[in-house]
Structure formats: structure tokens, C-alpha cells
Amino acid sequence: DPRGLYVCETGDKRSSLQVHYRMCQNCIEVDAPTISGIVIADVVATLFLAVAVYCITGHDRGHTSRASDRQNLISNELYQ
């Protein structure tokens with residue numbers, strides 16, 4: 001525990017330093033394997049999400065409906 005009062009004496013000169021600090025009780029150590037694990041998990045999750053979106057939205061089957069482009073919205077010639 002490094003908290004406390006530290007004193008430095010040189011000859012007739014005396015200096016003191018009061019040290020206060022708080023330790024993180026809920027901290028985890030972040031080292032290279034932890035960071036690489038987080039990055040790999042992020043990449044795998046992103047790829048899984050991309051494949052899921054691709055599968056859910058379906059594929060372009062080449063028969064898109066263009067009925068709204070061909071129909072007359074108002075049948076009266078005056079308003080067209």
C-alpha cells in the first residue's frame with residue numbers, strides 16, 4: 001500500500017509528500033490476447049450479421065414488379 005507520508009531529507013533540508021490514491025476494484029487486465037480476442041469476436045459477429053441480413057433479405061430473382069410505373073395514377077386526361 002503506497003499511501004502515506006513520504007519524507008526526503010538532504011542535509012538540513014526536509015521535504016515531505018502526502019500520497020493518496022484509489023485502486024480500481026472492478027478493473028480487468030487488458031493484454032494482447034484479450035484485445036485480439038475482442039477483435040476476432042467483433043469480426044466474426046460482423047460477418048455473421050452480414051450473412052444473416054443477406055439471407056433474410058433474399059436474392060434478386062430478376063422479376064421485379066414495375067406495375068406502378070405502367071399504370072395511370074389518375075384516369076382523367078385533364079389531370080395527367
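What is the magnitude of the charge dipole of the range 3-59 about its Cα centre, with +1 placed on the Cβ of each Lys and Arg, -1 on the Cβ of each Asp and Glu, and no other charges, expressed in debye to the nearest 20?
With Lys and Arg at +1 and Asp and Glu at -1, about 280 debye.
With N set to the residue count of the range 1-55, report its C-alpha Rg divided by 2.2 N^0.38 Å to two decimal places.
Working: Rg = 24.9 Å, N = 55, 2.2 N^0.38 = 10.1 Å.
Rounded to two decimals, the normalised Rg is 2.47.
In whole percent, and with a 1.4 Å probe on the protein chains, what portion of the accessible area of the range 3-59 is carbon and sulfur?
Of the solvent-accessible surface of the range 3-59, carbon and sulfur hold 64 percent.
Taking only protein heavy atoms into account and a 1.4 Å probe, give the accessible area per residue of the range 1-47 in Å².
It amounts to 98 Å² per residue over the range 1-47.
The values are calculated or read from the model by the stated rules, or taken from the named source; none is laboratory data. In this text, all values refer to a predicted model and were calculated from it rather than measured experimentally. No Cβ is skipped: glycine too gets one built from the backbone with ideal geometry, and neighbour counts run over all protein chains shown. Heavy atoms of the whole protein, side chains included, go into the accessibility calculation; ligands, DNA and RNA do not. Shrake-Rupley method; radii C 1.70, N 1.55, O 1.52, S 1.80 Å.
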